[in-house]
Structure formats: C-alpha cells, structure tokens
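Below you'll find the structure, written out as structure tokens, and then a few comments.
The values are calculated or read from the model by the stated rules, or taken from the named source; none is laboratory data. Since the model is a prediction, treat every value here as computed from it, not as a measurement. Glycine gets a Cβ as well: all are built from the backbone with ideal geometry, and neighbour counts include every protein chain shown.
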Amino acid sequence: MSGEILASACAIEAGSAFQSVSLGAIPIKNIEKHSASSEVEFNIRLTNCDLLPGLLENTQGIRITFDGLRSRDGKSIANQGDARGIGLGIKDAQGNDVIPGVALSGITLPSGDTVLKYSLTLNKTRHQIKTGTFQANVRFMIEYF
C-alpha cells in the first residue's frame, strides 16, 4: 500500500456553486432615476478550508474572479434577455464594483468555513432602456495564492 497525504483546499458548498438569484420585477423609472436597481445579496460559502501557511505550497488565501458575457463597456455582465440598456453589476462586501474577468483583491482565509458576500444590481448602460426580460449567466473562479 502507498499513497500521499495532502492538505485540502476549500470546498464550495453545493448550494453556492450553482445559484439562481432573482432580482424581481423592476420599474424602469427606478433604473432611470438612480442609474441602478436595488441591490440583491448573494453568498458563496466555502467549507473545510485548510489554508494554513506552508500546507499548500505557502498558500495563504484566495482571489475570486467573476466573468460572463461582458457588456460593451466591459464593466458589467451583458443582459441576455430582451430588455435593453442594462447590464448586471456585481459588488463585493465593501461596495467595490467587480469588473468581469478581473481578479478581486486577495482574501486571507481562516481554516474552516467562510462566507463571501456579494450583491447584484441592474445598472443602466449608455443605451436607452427598453423594457423586457433580463437574464445573465455568471461564472466565478477561485485562485489560491
């Protein structure tokens, strides 16, 4: 018998890996007046993290990158529904805008479980808003550092 003992990275809780977040029905006047809808929070729960320095080749934390089909300005995720003039915006727990495809600042994680908090909004783009449905698919990637 032979094998190897490894330190495990974080696991993504099943309910966090594939989420469906509803922003509901949003009156067009709210987006026109405030340039964005109200924020809707969502979380990513990481479990069984074992990131003590030195265990995973000196891994100390993670960086998250959100991505998807980008809007023309590259600052939001493009709407794939028939509404126009909007894009899906993501913010971190500190209220910083998340740019699709750009890694967020690194997060040092304690061992065990951690909940990462984010929020979604519909943001007005430079085009005129047209009513209709909105939908977007967002991926996230976790990079260990």
Condition check: outside any loop (DSSP other than H, G, I, E, B) and on the phi < 0 side of the Ramachandran plot. Does S119 satisfy that? yes
From L109, L116, L120, L104, which residue is within 23 Å of E32 (Cα to Cα) and surrounded by 14 or more Cβ atoms within 10 Å (Cβ to Cβ)? L120
So in the range 44-60, with the set limited to residues that are surrounded by 15 or more Cβ atoms within 10 Å (Cβ to Cβ) and modelled with pLDDT of 90 or more, which one is farthest from C10 (Cα to Cα)? I44
Every residue from the range 90-133 that is touching a Ser or Thr at 6+ places or on another chain (Cβ under 6 Å), within 15 Å of E41 (Cβ to Cβ) and not basic (K, R): T121, L122
Residue in the range 66-74 that is touching a residue at least 60 places away in the same chain (Cβ under 8 Å), under 18 Å from V21 (Cα atoms), of a type in the set (G, A, S) and in contact with a Lys or Arg (Cβ under 7 Å, 6 or more places away or on another chain) present: yes
